[in-house]
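The values are calculated or read from the model by the stated rules, or taken from the named source; none is laboratory data. Since the structure is predicted, the reported quantities are computational estimates derived from the model, not experimental observations. We place every Cβ from the backbone using ideal geometry, glycine too, and count neighbours over all the protein chains shown. Heavy atoms of the whole protein, side chains included, go into the accessibility calculation; ligands, DNA and RNA do not. Shrake-Rupley method; radii C 1.70, N 1.55, O 1.52, S 1.80 Å.
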Amino acid sequence: MLPTLFVSHGAPLLPIMDVPARHFLEQLGRDLPRPKAILVASAHWETERPMVSSVAVNETIYDFFGFPRELYELRYPAPGAPDLARRVVAVLGEAGMACGVDPARGLDHGAWVPLLLMYPQADIPVAQISVQSHLGPDHHLALGRALAALPGEDVLVVGSGSFTHDLSRFRGHGIDDPAQPDVIAFADWFDHALTERRVPDLLAYRKQAPHAARNHPTEEHLLPLYVAMGAAGEAAEPRRLHASAQFSILRMDAYAFAQAA
């Protein structure tokens, strides 16, 4: 049974930067069993209700501006996954969650940036599922739990966001600048809560975690973690795979959630 993953995709520049998070993702794709298909819950697709993409071939969406030309020349034309999209609609329906289908949407950088590094051949079918930022962690944990059959069907479920994400403090920091104290405090609290499987605290992180609102002024970049956690099943054990920081305010931590042997 495949694990589920939460990865921090960082700035769009990640594929062309020489940083630990890039090298981690490149190795991660080599270490994992090859999946039949991939479902990505990306922070960069927000909708009122769950939506899943269903296309023949994924277009590469450049949902950013002002970056080097080299970045806009990258392509990730992975096949779409219509069969997986139908399966997602079915399992969410069984859980009482209506899910729409988008027949045109390609892959935003929350999906194609980590997948380009993990699976550079772009030969594994990929679908995206949206997040509903206004519904919070409880909804996304339930959404993930409704998808819990997929890892046993050789589908890699990936939540792609950012372990911390306060872009108001982005300017003035170099890529290798050490993390701010409040960033470290938040990331440490969240890591302990995950590894100790303190689900109620994780769901109430905005009240429980230090500097929660500062590190996530809006929630969309953390909610994919709850999807990954839920999709692994209630007995899954979290394991931190990577920890690093960029620009002093972006923690690039990644986690796997897997059933105990």
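Below is a table of values for the structure above.
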| quantity | calculated |
| --- | --- |
| Dipole axis of segment 38-130 (+1 Lys, Arg; -1 Asp, Glu on Cβ), positive-most option in Leu116, Phe67, Ala90 | Ala90 |
| Kirkwood-based Rg to Rh ratio, segment 58-160, C-alpha trace | 0.98 |
| List Leu135, Leu39, ordered by accessible area with a 1.4 Å probe, largest first | Leu135, Leu39 |
| Euclidean distance between Cα centres, segment 90-111 to segment 218-241, Å | 18 |
| Virtual spin-label span in nm between Ala149 and Leu74, 7 Å along Cα→Cβ | 3.5 |
| Mean ellipticity per residue at 222 nm, deg cm²/dmol - from DSSP H runs of n ≥ 4 across the chain, formula -39500 (n - 2.57) | -9500 deg cm²/dmol |
| Whether segment 119-208 is rounded, prolate or oblate, judged on the alpha carbon gyration tensor where a/c under 1.5 counts as rounded | oblate |
| Prolate/oblate/rounded call for segment 1-69, Cα gyration tensor, a/c under 1.5 rounded | oblate |
| Apportionment of accessible area to carbon and sulfur, the chain, percent (1.4 Å) | 53 |
| Efficiency of FRET from Cβ geometry, Ala90 and Gln121, R₀ 22 Å, rounded to 0.05 | 0.15 |
| Angstrom value of the Kirkwood radius, inverse mean 1/r, which spans all Cα pairs in the chain | 18.1 |
| Check: the chain dipole with +1 on Lys, Arg Cβ and -1 on Asp, Glu Cβ, in debye | 140 |
| Listed residues Ala209, Gly161, Ala232: farthest to the positive end of the dipole of segment 155-261 (Cβ charges) | Ala209 |
| Efficiency of FRET from Cβ geometry, Ala204 and Asp177, R₀ 30 Å, rounded to 0.05 | 0.45 |
| Whole-number accessible area per residue in Å² for segment 123-261, which is evaluated in the context of all protein chains at 1.4 Å | 38 |
